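One structure below.
The values are calculated or read from the model by the stated rules, or taken from the named source; none is laboratory data. Only a predicted model underlies this, so the values are computations on that prediction, with no experimental measurement involved. Every residue, glycine as well, gets a Cβ built from its backbone with ideal geometry; the counts of neighbours run over all protein chains shown. What goes into the accessible areas is simple: the full protein's heavy atoms, side chains included, and nothing from ligands, DNA or RNA. Shrake-Rupley method; radii C 1.70, N 1.55, O 1.52, S 1.80 Å.
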Amino acid sequence: MRTQVVIIGGGPSGLLLGQLLHTQGIKAVVLERKTRDYVLSRIRAGILERGTIALMHEAGVGARLEKEGYVHDGTIISYGDEDFTVNFKEHTGTSVVVYGQTEVTRDLYDAREAAGLETVFNVEQVQIHGADTDASYVTYEVDGAEQRIDCDYIAGCDGFHGVSRQAIPLSVRKEYEKVYPFGWLGILSETPPVNEELIYAASERGFALCSMRNENLSRYYIQCSLSDKPEDWTDEAFWQELKRRIPKAHADKLVTGPSIEKSIAPLRSFVTEPMRWGRLFLCGDAAHIVPPTGAKGLNTAASDIHYLYQGLKQHYREHDSTGLDAYSEKALARVWKAERFSWWMTNLLHRFPDQTAFDLKMQKADIDFLRSNREAQSVMAQNYIGLPY
Ligand code: RFL
Ligand code: PHB
């Protein structure tokens, strides 16, 4: 079989690229290691930047998002019992939208199926061949039978644990990593959100986040130890701990209920350079990871897809490869800024095991400065709503 672009990974990056290429008549096959239901069962991102939303529209999948997404004009930052709002709209003229990654992925799979585009699920042993030659191809197994697809380009959209990044020789690849000494324990519950806007809460007991999916579906996180297991935390223990970390006025209003999902995510900052090797282009979590503080993961994946899509469109339409040649540099310039913002927000709001009394004072001063300084709030707002592409 031959196609123009093989997309490895049927998560949000791969699916978004697939739909965008389809609008230009560029042929692509998506290879996904799991099933559609498995991909849809992963509860992850909740906040979409305007740029991500614009791409969804460009891909022809923006209708439900427009109707069902919740516009958020700002966010609350709290410290102990005190809180303040950073108003995105006031500082930037724009806002973000609450629309879960599950819904983004569902819309993209539905559109892919409706257009009759090819997705191969349950692929194993995916291997990239000849990415640095003019004859690249991908092999994989399904039901024990080996398959081969010859292609012009390969988009490595297979997440942090995928094979694409590993296909770039170590002599070419440089990786930058910071692992944080804690994780986030998250739950989903069919209860009304405690507040209209998100609450990012710093407290002496650690960080907490109050988020949501809709008016009767809440998403809450608390900073936890890396050795914790979700089963160590009963729902009751989770709610008690959350209440201790958010201002009393909010804790008193919190509606609790049984969790319908509970999981722990370790926090990591990671970037690999370059994001292109020959005919292979890395996108999204395959190339970089941010800690979820700041909601940049999915949105940064989307900006990679924007640059790659523009490059492929220019290549196939105008026989001009300058966009593809600039991909790695352009994508990385934006990636590093998202890394900086996520790292800054993580440092601002979490408790670190080795923090000294001085470190705590610095953290408090940083929060006080943000609280009292309009320019500091403007900087945060610009980063949160998403830097320009
Ligand atoms: P994904 O979603 O990991 O998808 C990769 C896909 O590739 C498949 N795969 C393979 N397929 C074929 N062959 C192989 N060898 C393969 N290996 C893997 C996988 O099965 C999977 O389907 O990466 P992608 O598409 O780049 O998307 C990235 C986002 O998922 C990620 O950045 C966000 O979820 C991060 N994130 C958030 N991002 C935001 O923008 N806003 C948020 O509010 C936000 N909150 C979060 C988050 C991530 C979290 N966790 C759990 C890490 C909250 C959390 C808790
Ligand atoms: C979420 O709703 O899952 C969410 C929101 C904001 C973040 C991280 C996760 O910063």
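Need at least 2 residues that are touching a residue at least 40 places away in the same chain (Cβ under 8 Å) and of a type in the set (A, V, I, L, M) per element, so show me which helices (runs of 4 or more DSSP H) inside the stretch 1-100 make the cut, counting only ones lying wholly within it. Hits in the stretch 1-100: 12-23, 36-41, 50-58. Restricting attention to the stretch 275-295, which residues are near ligand 1 (Cβ under 9 Å from one of its atoms) and open to solvent by 10 Å² or more (accessible area, probe 1.4 Å)? Asp285, Ile289, Val290, Pro292, Ala295, listed by residue number. Checked against (1) within 30 Å of Leu370 (Cβ to Cβ); (2) under 15 Å from the mean Cα position of the chain (by Cα), Val39 passes all but condition (1). Taking the criterion of being within 16 Å of ligand 2 (Cβ to nearest atom), of a type outside the set (Val, Ile, Thr) and open to solvent by 60 Å² or more (accessible area, probe 1.4 Å), the residues of the stretch 51-72 that qualify are Glu68, Tyr70. Does Asp304 meet the test of being open to solvent by 20 Å² or more (accessible area, probe 1.4 Å), closer than 30 Å to Ala333 by Cβ and within 9 Å of ligand 1 (Cβ to nearest atom)? Against the criterion (open to solvent by 20 Å² or more (accessible area, probe 1.4 Å), closer than 30 Å to Ala333 by Cβ and within 9 Å of ligand 1 (Cβ to nearest atom)), Asp304 does not qualify. I'm trying to understand the selection: among the residues of the stretch 319-338, which are open to solvent by 10 Å² or more (accessible area, probe 1.4 Å), touching a strand residue (DSSP E or B) at 6+ places or on another chain (Cβ under 8 Å) and not aliphatic (A, V, I, L, M)? Ser328, Trp336 - these are the residues of the stretch 319-338 that are open to solvent by 10 Å² or more (accessible area, probe 1.4 Å), touching a strand residue (DSSP E or B) at 6+ places or on another chain (Cβ under 8 Å) and not aliphatic (A, V, I, L, M).
Meeting the requirement of 3 or more residues that are touching a helix residue (DSSP H, G or I) at 6+ places or on another chain (Cβ under 7 Å), modelled with pLDDT of 95 or more and within 14 Å of ligand 1 (Cβ to nearest atom), the strands (runs of 3 or more DSSP E) wholly within the stretch 126-245 are 174-189.
Within the stretch 160-188, residues that are farther than 30 Å from Trp233 by Cα reach partners that are more than 15 Å from ligand 1 (Cβ to nearest atom) and not hydrophobic (A, V, I, L, M, F, W, C) with beta carbons closer than 6 Å, at six or more positions or on different chains, in the pairs Lys174/Glu273.
Condition first: surrounded by 22 or more Cβ atoms within 10 Å (Cβ to Cβ), in contact with a helix residue (DSSP H, G or I) (Cβ under 7 Å, 6 or more places away or on another chain) and among the β-branched types (Val, Ile, Thr). Can you find one or more residues in the stretch 363-371 that meet it? No: zero hits. Can you confirm whether Tyr109 is open to solvent by less than 40 Å² (accessible area, probe 1.4 Å), in contact (Cβ under 8 Å) with a residue 40 or more places away in the chain and closer than 16 Å to Ile7 by Cβ? Against the criterion (open to solvent by less than 40 Å² (accessible area, probe 1.4 Å), in contact (Cβ under 8 Å) with a residue 40 or more places away in the chain and closer than 16 Å to Ile7 by Cβ), Tyr109 qualifies.
If a residue must be near ligand 1 (Cβ under 7 Å from one of its atoms), touching a Leu at 6+ places or on another chain (Cβ under 7 Å) and over 20 Å from His72 (Cα atoms), how many such residues does the stretch 26-59 contain? Of the residues in the stretch 26-59, 0 are near ligand 1 (Cβ under 7 Å from one of its atoms), touching a Leu at 6+ places or on another chain (Cβ under 7 Å) and over 20 Å from His72 (Cα atoms). Hey, among the residues in the stretch 246-260 that are assigned to a loop (DSSP other than H, G, I, E, B) and open to solvent by 70 Å² or more (accessible area, probe 1.4 Å), which one's farthest from Ile199 (Cα to Cα)? Here the residue is Pro258.
Among the residues of the stretch 320-351, which ones are outside any helix (DSSP H, G or I) and under 20 Å from the mean Cα position of the chain (by Cα)? Hit for the stretch 320-351 is His350, nothing else.
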